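Everything on this sheet refers to the single structure shown next.
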Amino acid sequence: MSIVRATRFGIFQGQTPMALDETLRALYDRAIADPSSLSDEERRRIAHRPPPEEEDALCRDACGLSMSELLTKAVQNGDSLSYQEARLVTAGVLLKQAGSLFGERMKLSETDRYLSLEAEEAVKTEEMVAAQKNAWAVEFRWHAAERAARETLNNQDYRNIKFAMHVLWQEHVLSLTETTVCGLVLFFPKMPEWPSFKEQIETSVRHGLNGIISLRKDAAIAKFTLHWVEDNDPSALRNRFATTRDGNQFPAGLRLDSFLYVDEEALRSYDAPKPFVWLWEPQDSAEPLKVHIKHIAPVLFARLTQRDLSTEKARRWPFLRTSELEMLHYEASRSLTTLGERDDIWPPHPRTL
């Protein structure tokens, strides 16, 4: 028989509450009454944690630390936790099980649900309690950053960012262990309008990278940078970039096949619906490309990084085309203003990518 139950979790429609296994009920009761009587295996069963060896292996794969090392870090230096580390502390190493556990718990009666929650709290060590408190504070800050980013992004922006974050660009960046940075060179003019425009670019990049924090790899994001170079002669930028690159004068890890620049026209876009910078390449015969500053990172950088990936699918997916400058121009030709007029500012609507 289908029923509707109102709980503090909301309105839940489902079958008659599932009966809690009596052995498990007895274990929950004992955990609440005398947690010190439990074995480590029993504690882990209640807390839905895998065996220590498996937990440590999964934790190291995710963040480079064992679970015990991560808990120590969370207690002693909680503010230094990355978002992924905080999630491992609060949700455990089996992150995908959280949804299924919630679903299973919602099948129980409210009395049994509270019993399972109380038992789970009872088996937490003092270290785990302190670690989770600090980790939740970190998660709160990251979610606040994500909300701030979302306020600046429309649905089209969000979808472009989501596609980009599924590109293997973060994994590629992390595989380059000999470099400490990744990113793009950006040439700018010495003009009164530049400081405000630079701040607008920096804010847009930050919001873009914070747009979907669940898909971030913090170590990769931390490497991203824009390398600012003053230059007041846009006509000579290709030669200057190539000369500086060939002289190994750029920080290792920056893209060496393309660069960004700002000129007077770009500066005038400051108050436009789509402020832009120019993307250009030293060897390509194509003209420079206007790029919406909201999508310098991760969208543009992900597309450029796809050029370095090993398979044809990886160099394109989840987009329709590869990312040569001519292809990016083709995509930009399908970009429209809110009035439906062509503006040639990359990226266009995600359905056309």
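Some notes on this structure:
- Scanning region 249-302 for residues that are touching a residue at least 12 places away in the same chain (Cβ under 8 Å), out of contact with any Cys (no Cβ under 8 Å at 6 or more places or on another chain) and among the small types (Gly, Ala, Ser) turns up Ala252, Ser258, Ala266, Ala286, Ala297, Ala302.
- Evaluation of Arg147 against (1) surrounded by fewer than 14 Cβ atoms within 10 Å (Cβ to Cβ); (2) closer than 23 Å to His292 by Cα; (3) over 23 Å from the mean Cα position of the chain (by Cα) (one fails), failing number: (3)
- Among the residues examined, Ser333 qualifies as surrounded by fewer than 16 Cβ atoms within 10 Å (Cβ to Cβ), out of contact with any Leu (no Cβ under 6 Å at 6 or more places or on another chain), without any contact (Cβ under 8 Å) to a residue 24 or more places away in the chain and more than 26 Å from Ala220 (Cα to Cα).
- Of residues in region 262-320 being of a type in the set (Val, Ile, Thr) and part of a loop (DSSP other than H, G, I, E, B), the one nearest to Ser204 (Cα to Cα): Val262
- When region 241-255 is filtered for residues that are out of contact with any Ser or Thr (no Cβ under 7 Å at 6 or more places or on another chain) and crowded, with 17+ Cβ neighbours inside 10 Å, the ones remaining, listed by number, are Phe241, Arg245, Leu254, Arg255.
- Contacts under 8 angstrom Cβ, first residue in region 26-45 being surrounded by fewer than 13 Cβ atoms within 10 Å (Cβ to Cβ), partner at pLDDT 95 or above and charged (D, E, K, R), 6 or more apart: Ser37/Arg30
- Considering region 204-231, the residues that are farther than 20 Å from His143 by Cβ and not in a helix (DSSP H, G or I) include one that is farthest from the chain's Cα centre (by Cα), namely Asp231.
The values are calculated or read from the model by the stated rules, or taken from the named source; none is laboratory data. Predicted model, so just to flag it, every value in this text is computed and none were measured. Every residue, glycine as well, gets a Cβ built from its backbone with ideal geometry; the counts of neighbours run over all protein chains shown.
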